[in-house]
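Novice: This is the structure, below, for whatever I ask next.
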Amino acid sequence: MSADPVAAAAAGPANHGGPAAGPSGDAPPRSPTRWLILAVLCLAQLVVVLDNTVLTVAVPVLTTELGASTADVQWIINAYALVLSGLLLSAGSAADRYGRRRMLLAGLVLFGLGSLAAGLAGSGSQLIAARAGMGVGGALLVTATLAVAMQVFDAAERSRAIGIWAATSALGFAAGPPIGGAVLAHLPWGAIFLMNIPIVLVCLLVGRVLIPESRDPAGGRLDVGGVVLSTAGLTAVVWSIISGPERGWASAEVLGAGAAGVLLLGLFVHWERRVPDPMLDMHFFRDRRFVGATSGVVLITFGATGALFLLTQHLQFVRGYPAWEAGLRMAPFALSIVLLNVTGAAAVAIRRLGLPAAIAVGMTLLAAGLLLVTHAPADGYAVLLGGLLVMGTGCALANPAIVEAVMSAIPAQKAGAGAGVDGTMTEVGSSLGIAVLGAVLNARFTALLPAALVGAGSFPAALAAAGSGADREAVTVAFAAALETGQTVGAAAVLVGGLVAAGLLRRAERSGSPDHAVAPPPVAPPPVAPPPVAPSGVVPSGVVPAVDG
C-alpha cells in the first residue's frame, strides 16, 4: 500500500520555524546535526518518564526514612503526574508563542532544580513540593521535545524521528524500576533524583548550542484566561480520575472535582472561541483527522496503559518478582520498540501500511501479546518473552503512528499546541485505564476472596489476614484469577480502541478532510501517555504501587 496521505501531510505548511522554502518550492536543507539534536530531545524525554516509574521501588525506604504516611506516599507519586497533566496544554502553547528551544531549556532548568530539591528533601511535604516543581519542568519538556523534533525533521524523516522519540518513553518505563533498585542497593534514596542533574546539564549545554529556535510567527499575546481555565480544569479532572478508586467514585469530593473540572473545561472552550489569540484554536476540532487522532490517543492509551499496569502486578504477585526485577524482565518489550524504531523498520512499515492500518495492526499485536502472556502456562520465561516481543512490535507500529496522526492534522507552526494536546490525551487515557482496570481487578478479587477475608481490601492485606496455609493459597489463587480477568478486559480494550481509532482516521481520509483546519481571521471578543509506558504514576486503591502506567 502506498504511503498514507495523512503521513504525507505531516510536513504542514512550508514554514517550520526555520528558513523559508525557496521560490522553486524546495524544502530547507536538512540540518547535519539533526540526529544529535534528536538524541538530546530523547535524553530529556527519558528523564521525564523515568521519574514516573523510578519511585516504585523506593516506597518502603521513603516510608521509613521520611516518616511518610500512606497519604504522603500517594502524593509523592501523584504530585508529579498531576501537575504535569494540568500544564501540558499551557506548556505547548508557550512553546509556540515564546520559542520551542527557549521553553525546552527552561523546562530543563526547572526539572533540574526540582530534582535537586527532591534529592535533598528532609520530609514528605518537602518531597511532594519538589515533585510538583519537577512536574512543571516535565510539562515543558514533553511538549517542547516533540515540537522541536517536528521542526528539525522534514516529512521524509519525521515518521522515524517520532518513532524514536516515542520509543524513548517505553525505554523509560522499563528502566525505571531496575535503575531505582540498583541505586537504592548502593546509595541513599536521594540519589534517585540527584542522578537527573548531570543529564539535565548535558542536555542544557548541548541543546543550547545545537537546537535552533523556532516559534509561531503569529503567536499573539499570552492567553491568561485560557491558561488558568485549562490548567484548573485538567487538574481537577485528572485528580478525580486518580482518586476515584481510593475515595470512591460516588464520593462527594470525587464527583465535585470531576464536575468542576468539566465545567472549567467547558468555560475554556467558550473562552477560546472568543479570545483574539487563543492558546488552542478550536477550529482544529473541525478537522475530522484531528478529532479522530486525538480520540484514538485516549482509546489506545486507556487499554494499553491499564493492561500493562496489570501485567506488572502479575509479574510481582503471581510470579513473585520484586518490582525492580519485574521491570528488568519486561525490558525486551521496550528494547524491541527501540530497535524497530532506531533501525527505521517501524517507519518503513508505517509508511507502507498508512497510519490507520498501522494503528490497527499494532494494537491487534499488542492485544494478542497480552492474551498470550495472560492465558499461556506461566512456567518459565519463554512464553512471557514471546508475548513481550509481540507486544513490543505492536507498540512500535501503533505509538508513532498515532502521534504522527495528531501532529500531521495541524499546521507545523502550531507544533507545540499539537504536542500539548497529544500529551494531555495520553495522560487522561492512561489515568482512566489504570483507574478503571484497577477497579475491575479489585472488584473481581473481592468477589473471589473467602468470606472471612472480604474486608481485607488488598492482596498484601488479605495475605496478612489469612490464618492458615489453605487461606493463603486461596488468596493467591483469587488474585491470580482477578488479574487474568483484568488483563483480558485490558486486551479487549486495546483491540477495540485500536480498531476504533483506525476507523475514525480512515473515515476522515475518505471524507476528504482538508490538510489542516483553517481558522477564520480573529475577531474581537463580543481551544493529555517503559518497557511499556504508563504516564501517570497512579495506583488504584487496594493495589500495591507497581510500575507506573
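The values are calculated or read from the model by the stated rules, or taken from the named source; none is laboratory data. Given the structure is predicted, the values throughout are model-derived calculations rather than measurements. Cβ coordinates were reconstructed from backbone atoms using ideal geometry, including for glycine residues, and neighbour counts include every protein chain displayed. When the accessible area is computed, the model is the full protein with side chains, heavy atoms only, and any ligands, DNA or RNA have been set aside. Shrake-Rupley method; radii C 1.70, N 1.55, O 1.52, S 1.80 Å.
Novice: Which whole number in µm²/s is D for the chain by Stokes-Einstein, with the Kirkwood Rh taken over Cα pairs at 10 °C and 1.306 mPa s?
Specialist: The calculation lands on 68 µm²/s.
Novice: Given an 8 Å cut-off on Cα distances and at least 6 residues of separation, report the relative contact order of region 82-197 as a percent.
Specialist: Dividing the mean separation by the residue count of region 82-197 yields 33 percent.
Novice: Is the shape of region 178-242 rounded, prolate or oblate, going by the alpha carbon gyration tensor and its root eigenvalues a ≥ b ≥ c, with a/c under 1.5 for rounded and a/b larger than b/c for prolate?
Specialist: Oblate.
Novice: With a 1.4 Å probe and all protein chains left in place, how much of the accessible area of the chain comes from carbon and sulfur atoms, in whole percent?
Specialist: Of the solvent-accessible surface of the chain, carbon and sulfur hold 68 percent.
Novice: What FRET efficiency would be calculated for the residue pair Ala155, Trp35, taking the C-beta separation as r and a Förster radius of 22 Å, to the nearest 0.05?
Specialist: That pair, Ala155 with Trp35, gives E of 0.85.
Novice: Pull out the extension gain between Ala185 and Ala345, defined as 0.36 nm times the separation in residues minus the alpha carbon to alpha carbon distance; nm, one decimal.
Specialist: Length difference between fully extended and current span is 53.8 nm.
Novice: Let me have the 222 nm mean residue ellipticity of the chain computed from DSSP H runs of 4+ only, each contributing -39500 (n - 2.57), with the sum over all residues rounded to the nearest 500.
Specialist: -24500 deg cm²/dmol
Novice: Choose one of Ile350, Leu127, Leu267: the residue whose Cα lies farthest towards the positive end of the charge dipole of the chain (beta-carbon charges +1 Lys, Arg; -1 Asp, Glu; about the Cα centre).
Specialist: Of the listed residues, the answer is Ile350.
Novice: At what distance in angstrom do the alpha carbon centres of region 334-363 and region 144-167 lie from each other?
Specialist: 14 Å
Novice: Determine which residues of region 218-252 fall in the zone a paramagnetic label at Leu267 would reach in this model, i.e. backbone nitrogen under 20 Å from the point 7 Å along Cα→Cβ.
Specialist: 222-241
Novice: Dipole of the chain, Cα-centred, from +1 at each Lys and Arg C-beta and -1 at each Asp and Glu C-beta, to the nearest 20 debye?
Specialist: In debye, rounded to 20, the chain gives about 860.
Novice: How much length is gained on full extension from Ala250 to Val224, taking 0.36 nm per residue of separation minus their Cα-Cα distance?
Specialist: So the chain would gain 6.0 nm between Ala250 and Val224.
Novice: Grab the Cα-Cα distance for Ala451 and Leu463, subtract it from 0.36 nm times how many residues apart they are, and report the gain in nm with one decimal.
Specialist: Result: 2.9 nm gained on full extension.
Novice: Moving to a separate point now. Using the heavy atoms of the protein chains and a 1.4 angstrom probe, tell me the accessible area per residue for the chain in square angstrom.
Specialist: Result: 37 Å² per residue.
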